[in-house]
Amino acid sequence: MSNPVSRKIKSNLKFVYSENSTISIIFSKNEDLLGVVGEFNNNIKELEKITKTSIYSRGNSIILKNDDKNNEIVKNAISFLYDQYLINGSIEKKDIISSTSKFMIDQKNNSRDNINYIIKTPKKSVIPRSEKQKNYVQALRENDVVISSGPAGTGKTFLSVAVALTMLLDKKIERIILSRPAVEAGERLGFLPGDMREKVDPYLRPLYDSLYDLLDFEKIQKKIEVGDIEIAPLAFMRGRTLKNSFAILDEAQNATDTQIKMFLTRIGENSKIVINGDPSQIDLPNKKMSGLERSKTILGHLSEISIVDFDHNDVVRHPLVSKIVKAYSSKNND
């Protein structure tokens, strides 16, 4: 299969409006229609569920039979999904979730500006899906230190790993370092069975998952073996100086003030450091020990450091995740 990044985007959709509130979206290539509707029409079924509308596939067309307002929403969503298919050669569930977002539609209409924020990796092109994600990508590229906080599913880890990987492949850095507190309440690795790798791997699995989603498994394994990518618990960072590196500390809400300071002060020549965390998921025995929010307060005035705060509006997982995050946030504020 050819690299999806190299595919040229050329929209060939035709929209036919009928008097009975019906829009026919006609595809010039049947393979593109099949790519958009998905296997067993699963993509269309998911879009129907999200928009609470009726969508039909017939011949080389998708037929919309709803009120005029919902027809336009779904038409724009399908147009967006078509572009995603042309860019990446596939459509993921998060693409369907994003397809009805006003931000994504606006970005589609401003494609010249949007293309500057696309992160092109060998397996897929990653596109920011909210204004804050867009600002986050810009900060990752331009600032030496970025501190981000927000709920699960807002792209903090995935986007930072994607930017780091592109910089490594472009030889702008020599190494990626991915770290997180390995065990809640002090990283007591000795209490876990197995050798050191077996002890820490379960805690670092989300970082591996992000890498494998962006580059072939064998290539990732090779880069880990030669040291181009290092994945290690936070405890192993002490005493080091990171040069020509892109270092990411994930799950930073479970790092203490002292640990975050230690990680930040590892920065060396031609290096970037990213701190990511979710303040609502602190697992430390004393939540006040978390250093994530304090680091933002202490360092926010420094021009070289960018602070990005995500909220439920930036969640790109299942639509229910955004509602769950919002509900818990409202409850905690009562």
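The values are calculated or read from the model by the stated rules, or taken from the named source; none is laboratory data. This one's a predicted model, so the numbers in the text were calculated from it and none came from an experiment. For neighbour counting, all protein chains shown are included, and Cβ atoms are generated from backbone atoms with ideal geometry for every residue, glycine included.
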Of the residues in region 241-264, those that are among the charged types (D, E, K, R) and surrounded by fewer than 16 Cβ atoms within 10 Å (Cβ to Cβ) come to 243, 261
Here, helices (runs of 4 or more DSSP H) confined to region 248-334 with at least 1 residues that are acidic (Asp, Glu) are 257-264, 292-299
Within region 123-138, the count of residues that are surrounded by fewer than 21 Cβ atoms within 10 Å (Cβ to Cβ) and either among the hydrophobic types (A, V, I, L, M, F, W, C) or outside the structural domain of residue 173 (by TED's automatic domain parsing) (or both) comes to 0
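Do we find that residue 149 is within 21 Å of residue 321 (Cβ to Cβ), at pLDDT 95 or above, assigned by TED's automatic domain parsing to the domain that holds residue 305 and hydroxyl-bearing (Ser, Thr, Tyr) in this structure?
On the way: within 21 Å of residue 321 (Cβ to Cβ): yes; at pLDDT 95 or above: yes; assigned by TED's automatic domain parsing to the domain that holds residue 305: yes; hydroxyl-bearing (Ser, Thr, Tyr): yes.
Taking the combined requirement at face value, the residue satisfies it.
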- Message: I'd like to check something: does region 35-49 contain any residue that is at pLDDT below 95, farther than 19 Å from residue 95 by Cα and among the aromatic types (Phe, Trp, Tyr)?
- Response: no
Worksheet entry | Condition check for residue 312: farther than 26 Å from residue 172 by Cα, more than 24 Å from the chain's Cα centre (by Cα) and assigned by TED's automatic domain parsing to the domain that holds residue 143 | no
Do we have any residue at all in region 124-144 that's in contact with a Pro (Cβ under 8 Å, 6 or more places away or on another chain), part of a loop (DSSP other than H, G, I, E, B) and modelled with pLDDT under 90?
yes
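Going by the structure shown, is residue 75 part of a helix (DSSP H, G or I) and either surrounded by fewer than 12 Cβ atoms within 10 Å (Cβ to Cβ) or at pLDDT 95 or above (or both)? Show your work before the answer.
Values: part of a helix (DSSP H, G or I): yes; either surrounded by fewer than 12 Cβ atoms within 10 Å (Cβ to Cβ) or at pLDDT 95 or above (or both): no.
So residue 75 fails the test.
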Log entry, pairs with first residue in region 211-232 being closer than 19 Å to residue 119 by Cα, second being part of a helix (DSSP H, G or I) and of a type in the set (Ser, Thr, Tyr), beta carbons closer than 7 Å, six or more apart or on different chains, reads 220/212
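Of the residues in region 267-306, how many are acidic (Asp, Glu) and free of Cβ contacts under 8 Å to residues at least 60 places away in the same chain? Write out each step before concluding.
In the first step, residues of region 267-306 are kept if they are acidic (Asp, Glu); the result is 269, 278, 283, 293, 304.
Filter once more, keeping what is free of Cβ contacts under 8 Å to residues at least 60 places away in the same chain: 269.
Of the residues in region 267-306, 1 are acidic (Asp, Glu) and free of Cβ contacts under 8 Å to residues at least 60 places away in the same chain.
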Of (1) part of a helix (DSSP H, G or I); (2) farther than 17 Å from residue 140 by Cα, residue 239 satisfies every one except (1)
